[in-house]
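What follows is a single structure, written as structure tokens, with notes after it.
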Amino acid sequence: MRLFTLAVVICIGIATSSFIKGTKSLTVTSSAFANNAPIPVKYTCKGPEFSPPLEFDNIPPETKSLAIIVEEPNTTTSIRRQKVCVPEKPVAKSKRAKRTTAKKSAIPLYETVQVQGCFTHWIIWNIDPSSKFIPENFINDNQGVNSLNECKYKGMCPSDGTHNYHFKVYALDTKLNISSKSDRAALEKVMEGHVLAWGEVVGTFNKNYK
């Protein structure tokens, strides 16, 4: 099996002065874990990989939408990822029970890569700021590509030791019009100059957690 190495990406992101229009800070919390505390298994690769619930406070009144980036700042690990992003969509319960027969593709759909640097677990945008929270396992039509080439949330899965995971939330003065197959770089590019405030909550995970 061939092994590819992804270019190192430093998690500088858009928490820099050139991207921020204002100086306000969002307050980001989760009912599932405290800041700098362990993330429950259900939100990781050891469980069903639901995205955790998040709550937001101190949202500027002029905010038109929220965007979220979930990242692991420093990692070195081998991963098996999709070659092509297939957007994840909400599925009605009546449709879940139906079975479909899919034709097998002659083109390999997965590849093994070595990730070094910043791992992006989730990007999602155009979240309604008036709700001030997103529930567990939240999905909308604006999820972009994570580091596995998947258009969905990817649960924490460190190769060894305890790793930190940053759930960053950005208040924007506009709604974004980009493809659902956009990656983090594309998202950050269109966000530039539109960030009114941002904040984060940090969780940790170790595969040996009991």
Handout entry: Long-range neighbours under 9 Å by Cβ, at least six apart or interchain, first residue touching a residue at least 60 places away in the same chain (Cβ under 8 Å) and surrounded by fewer than 18 Cβ atoms within 10 Å (Cβ to Cβ) within segment 172-192, second assigned to a loop (DSSP other than H, G, I, E, B) and of a type in the set (Asp, Glu)
Key = 173/62; 180/141
Exercise for the section: Quick one: in segment 116-136, of everything that is in contact (Cβ under 8 Å) with a residue 60 or more places away in the chain and touching an Asp or Glu at 6+ places or on another chain (Cβ under 9 Å), which residue is surrounded by the fewest Cβ atoms within 10 Å (Cβ to Cβ)? Expected result: 132
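Matching residues to (1) modelled with pLDDT of 90 or more; (2) within 14 Å of the chain's Cα centre (by Cα):
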site	(1), (2)
109	no, no
135	yes, no
139	yes, yes
158	no, no
161	no, no
175	yes, no
199	yes, no
210	no, no
Problem - Subset of segment 146-163 (residues that are in contact with a strand residue (DSSP E or B) (Cβ under 9 Å, 6 or more places away or on another chain) and either among the hydrophobic types (A, V, I, L, M, F, W, C) or surrounded by fewer than 16 Cβ atoms within 10 Å (Cβ to Cβ) (or both)) - result: 148, 151, 156, 157, 159, 160, 162
Fill in the blank from the handout: Flagged in segment 44-61 as out of contact with any Gly (no Cβ under 6 Å at 6 or more places or on another chain) and surrounded by 15 or more Cβ atoms within 10 Å (Cβ to Cβ), in numbering order, are 46, 50, 51, 52, 53, 54, 55, 56, 59, 60
Practice task
Taking the residues in segment 59-85 that are at pLDDT below 95, in a loop (DSSP other than H, G, I, E, B) and of a type in the set (A, V, I, L, M, F, W, C) as candidates, determine which candidate is nearest to residue 169 (Cα to Cα).
Solution key: 85
Exercise for the section: Identify the residue in segment 157-185 that is out of contact with any Ser or Thr (no Cβ under 9 Å at 6 or more places or on another chain) and of a type in the set (Val, Ile, Thr) and, among all such residues, is nearest to residue 206 (Cα to Cα). Expected result: 169
Practice task
Only residues in segment 36-52 that are more than 15 Å from residue 72 (Cα to Cα) and free of Cβ contacts under 8 Å to residues at least 60 places away in the same chain count as the first member; pair them with residues that are among the aliphatic types (A, V, I, L, M) and assigned to a loop (DSSP other than H, G, I, E, B), Cβ under 7 angstrom, at least 6 apart or cross-chain, and list the lot.
Solution key: 40/32
Fill in the blank from the handout: Out of (1) of a type in the set (D, E, K, R); (2) in a loop (DSSP other than H, G, I, E, B); (3) at pLDDT 90 or above, the one residue 189 does not meet is (2)
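The values are calculated or read from the model by the stated rules, or taken from the named source; none is laboratory data. All figures in this text were calculated on a predicted structure; none of them were measured in a lab. Note: ideal-geometry Cβ built from the backbone for every residue, glycine included; neighbour counts use all protein chains shown.
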